[in-house]
Every structure is written in structure tokens, then in C-alpha cells.
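Beneath this line is the structure, given in C-alpha cells, with notes to follow.
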Amino acid sequence: MEKMSIVLFSGTGDKLQAAATMASGAAAMGVETHVFLTFWGLNALRKDMAGKALPMSADYGQDGENMAKLMQDKGAHGWYEVFGMARDVGDVHFHACSHTMDLMDLTLDDLDPIVEDVIGVATFVSNAGDGNVLFI
Amino acid sequence: MTTPSVEREIDARSSFCPGPLMELIRAIRESDPGTTIAVLSKDPGSRTDIPAWTAKAGHELVAVEEQGDHARFIVRKAS
């Protein structure tokens, strides 16, 4: 069984969009997909944040905001919706990073219901095995 | 050339990569084996993604019709 593991560190709209699109492509092709949510990526999946349109990365200045507007004008699905489509068609799992949970003083109850469990980084790496690992 | 008959058509022209493929997958899941489904897509990625998925999932890509600004992919669900 092919496997893809994504370390989702970023919490900006553009990078969440990229992660969600990669996850949906993997899911569509029958690749078992795991998303390890850490730092800002985990923050984006707090119950009070999930699904919100988030700012684009500051790395691209005004271009990032222009891109956000373009996507909105063209009616592109938002990142949260794309993750939903990925889960719909394939085998996609979301795991929260235990270290970030601890730092932010969060429990699983504080997170969006798509997040299945809280795991340590060693568990994530061990589960990833020989599959592809992406850091976003 | 005759156009294959289609039992269900999905208009995914407003959907971006990989949206049209996702809509096709959902429609195939909901359908009986042997059902023929068409999906309309403007996404250039569909031209590689839909044939790749169809081959991997074991369904049949019956035809790809160019229709100006979009393509119409016709897929028959494996029996």
C-alpha cells in the first residue's frame, strides 16, 4: 500500500491550500495519506479557526493577497473543503502533534472533528515508514 | 463517429484541480457497475489525472471529447 505523509507546519491560506490539494490527489489515487498537524498547521484546525479564510503567506507580499482574490473570484474551493473532499474519496487521516498541543494547552476537544488523535513525532515518523514525506 | 450514450453527466467546469476528478470518483462510487458517466472539465490537470485514475481504478475511459474551452471525459464503471 502506497503511503504519503504530510507534515503540515504552516497555517497560511496558500500553504493549507497546497497541502489539501496534495492530500486530495493522493487520496484519489488510492494512496494512504496522513497529515501531521504541528504549530500553525495545528492552529488552523482549532475548532474556532477551521474553515476560516486565512491570510496568505507574507513571503509573497501583495501577490499573495492578489492570488487569494483570484481564487475567490474564480470560485475555487477553500482549503478546508478540499481536505473534506480528500477524506470523502480516500483514506486520509489527521493527527495532532502532541508537543504543539502541550505548548498551546489544547486537548482533542479543542480541535476540528476531522483530527483523529494526538500522537508524538516518533509515532508519525515510524508510521510514515518508506512512504513519501512532505513538509509544508 | 457516434457519441457513446451516457447515463449521467457531471458539469465540473467551475471546479479546479483536482475537483473534477473528485466529482467523478464520487459519481462512480454511487453508480452501478457498467454505468457510463461523463464529466465536463476545464482543468488542464484532468487530461492526465482522469485517465491515470481510470486506469488505476480499473474503469474504462470510453472517450475524451474536446469541446472548445473544456473537455468531456466519458468513463464506464467496471463490472
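The values are calculated or read from the model by the stated rules, or taken from the named source; none is laboratory data. Fair warning: this is a prediction, and the values are worked out from it, not measured in the lab. When we count neighbours, we look across all protein chains shown, and the Cβ atoms used for this are built from the backbone with ideal geometry, even at glycine.
A few points about this structure:
- Lone unmet requirement of (1) within 14 Å of chain B (Cβ to nearest Cβ); (2) of a type outside the set (A, V, I, L, M, F, W, C); (3) surrounded by 15 or more Cβ atoms within 10 Å (Cβ to Cβ) for A:D110: (1)
- Segment A:1-53, residues that are in a helix (DSSP H, G or I) and without any contact (Cβ under 8 Å) to a residue 60 or more places away in the chain: A:D14, A:G25, A:W40
- Matching residues in segment A:56-85 - criterion: being closer than 26 Å to B:I25 by Cβ and touching a Pro at 6+ places or on another chain (Cβ under 9 Å): A:V82, A:M85
- Residue count for segment A:85-105 satisfying the condition of being part of a helix (DSSP H, G or I) and within 10 Å of chain B (Cβ to nearest Cβ): 4.
- Filter result (at pLDDT below 90, outside any helix (DSSP H, G or I) and aliphatic (A, V, I, L, M)) within segment A:55-76: A:A76
- Here the condition is being touching a residue at least 40 places away in the same chain (Cβ under 8 Å), of a type outside the set (S, T, Y) and either out of contact with any strand residue (DSSP E or B) (no Cβ under 6 Å at 6 or more places or on another chain) or not in a helix (DSSP H, G or I) (or both); of B:R47, B:R29, B:R13, it holds for B:R13 alone.
- Residues that are within 11 Å of chain A (Cβ to nearest Cβ) and over 28 Å from A:M71 (Cα atoms), drawn from segment B:29-53: B:R29
- Among residues of segment B:7-28, those that are more than 14 Å from chain A (Cβ to nearest Cβ) and over 11 Å from the mean Cα position of the chain (by Cα), counted: 1
- Candidate set: segment A:16-28, residues that are in contact with a Gly (Cβ under 8 Å, 6 or more places away or on another chain) and not small (G, A, S); chosen: the one farthest from the other protein chains (Cβ to nearest Cβ): A:L16
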